[in-house]
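Please read the structure below before turning to the comments.
The values are calculated or read from the model by the stated rules, or taken from the named source; none is laboratory data. These numbers come from a predicted model, not from an experiment. Here Cβ is always computed from backbone atoms with ideal geometry, including for glycine, and neighbour counts include all displayed protein chains. Accessible surface areas use protein heavy atoms only, side chains included; no ligands, DNA or RNA. Shrake-Rupley method; radii C 1.70, N 1.55, O 1.52, S 1.80 Å.
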Amino acid sequence: MATEKTKKCSHCSKLWDVQQQKRLRNMISHSSRVGALSWNNHILSSGSRTGHIHHHDVRIAQHHVATLQGHSQEVCGLKWSPDGRYLASGANDNLVNIWPCAQGDGEFSPVQTFTQHQGAVKAVAWCPWQLNVLATGGGTSDRHIRIWNVCSGTCLNSVDTQSQVCSILWSTNYKELISGHGFAQNQLVIWKYPTMAKVTELKGHTARILNLAMSPDGSTVVSAAADETLRIWKCFEMDPIKKKEKEKVSSSKSSIIHQSIR
C-alpha cells in the first residue's frame, strides 16, 4: 500500500506492508506536498502541488525514474488505465492530460490535453470494459462529468451534475458509473452509460465526499467524506442468476488457463 503526505513529511510517499503494519520505504522526490497517487504494476506515480508528476520504480533504490510536466497548478487527480498504456491526470489548472507509458530521461508530452472543464479536476476514472474511455469530473465552478475517447480526443458525452464532482467509479457489474459530490448536496449519484441518465441519488453525508472505493466483487461502494464518516452502499448487487452465469464464465476461463499451462 502507498500513502501520501504526513505532517512530518508533506512531500514524500510511503510504502507499507499492510499485514505486518510496517513501513517498507520512504520515497522523497517532490519539493512540495503530494496530493495524488496511482499504481501501474511496479511503478507508483505521484502528483504534487507544483504540478509535476513523478514515476517511482519501487523495486530499485534510485526510485525516481521519470518526471512529467504538463500542469501549472496542483495535481489532484491521477489514474492509470487498466491496461497500463495511459496515465490520466487532473489538476487545479482545470486541465486533463493523457500521458503515454514512458520512463527515462528527457521531456515527455501528453498525447491528449482536454481543456473543457472550468474547475479543478479531481475525479478521473477509466472505463473497465472500454479501455480508451475516460470519465472526468470538475469542481464547484464546473460541476460537469465528461466522457472522453482518449484515442480520438473527442468528448463522447457531458452532463451538468449541479454539484461539485469529487470522485467517480465505474461499475464492473453494470453499464453504469457512480459519482461522489460536494457543494451543495454532498450526495452520490448513479448514472446510466452511455446515456448519462440519472438512475438514483444516495444521500446521507453532511459534508463533501472526499473519495470513493469499490469492493473487489463490484457490488459495494464505500464513501469517505469531510463529515468524518465512512458510509457503505450496496449499489451494484448482481441478480443471483447473472451472478452464477458470471461465476461459470470466470471458472471456465480459469480452467482453460490451467490446461494451457499444463
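Just to check your reading of the model, which residue among T206, T229, T200, T195 is modelled with pLDDT of 95 or more, open to solvent by 50 Å² or more (accessible area, probe 1.4 Å), of a type in the set (S, T, Y) and farther than 17 Å from Y174 by Cα?
Checking each option against the conditions leaves just T206.
Hey, can you tell me all the residues within segment 48-71 that are within 17 Å of Q112 (Cβ to Cβ) and of a type outside the set (A, V, I, L, M)?
Passing the criteria: Q69, G70, H71.
Do we find that A91 is touching a Lys or Arg at 6+ places or on another chain (Cβ under 7 Å) and either closer than 30 Å to Q62 by Cα or at pLDDT 95 or above (or both) in this structure?
Criteria not met by A91.
Counting only residues that are closer than 13 Å to V165 by Cα and touching a Cys at 6+ places or on another chain (Cβ under 8 Å), give me the strands (runs of 3 or more DSSP E) lying completely in segment 93-152 with at least 2 of them.
121-126, 133-138
Can you pull out every residue in segment 124-154 that is of a type in the set (S, T, N, Q) and more than 14 Å from the chain's Cα centre (by Cα)? Before the answer, list the steps.
So in segment 124-154, the residues of a type in the set (S, T, N, Q) come out as 130, 132, 136, 140-141, 149, 152, 154.
Hits for segment 124-154 are Q130, N132, T140, S141, N149, S152, T154.
Evaluate segment 113-121: report whether one residue or more is within 16 Å of the chain's Cα centre (by Cα), touching a residue at least 12 places away in the same chain (Cβ under 8 Å) and open to solvent by 10 Å² or more (accessible area, probe 1.4 Å).
Residues of segment 113-121 that are within 16 Å of the chain's Cα centre (by Cα), as a first pass: 120-121.
After this cut, where a residue has to be touching a residue at least 12 places away in the same chain (Cβ under 8 Å) as well, the list is 120-121.
If we keep only those that are open to solvent by 10 Å² or more (accessible area, probe 1.4 Å) as well, we get 120.
The answer is yes, given that some residue of segment 113-121 is within 16 Å of the chain's Cα centre (by Cα), touching a residue at least 12 places away in the same chain (Cβ under 8 Å) and open to solvent by 10 Å² or more (accessible area, probe 1.4 Å).
Scan (1) open to solvent by less than 10 Å² (accessible area, probe 1.4 Å); (2) part of a strand (DSSP E or B); (3) within 28 Å of Q164 (Cβ to Cβ) for the single condition A66 breaks and write down its number.
The failed condition is (3).
Within segment 42-51, can you find the residues that are surrounded by fewer than 21 Cβ atoms within 10 Å (Cβ to Cβ) and closer than 18 Å to W16 by Cβ?
H42, I43, L44
Of these, S72, S29, which one is at pLDDT 95 or above and of a type in the set (S, T, Y)? So that I can check it myself, show each step before the final result.
Values: S29 fails: at pLDDT 95 or above.
Sole residue among the options that is at pLDDT 95 or above and of a type in the set (S, T, Y): S72.
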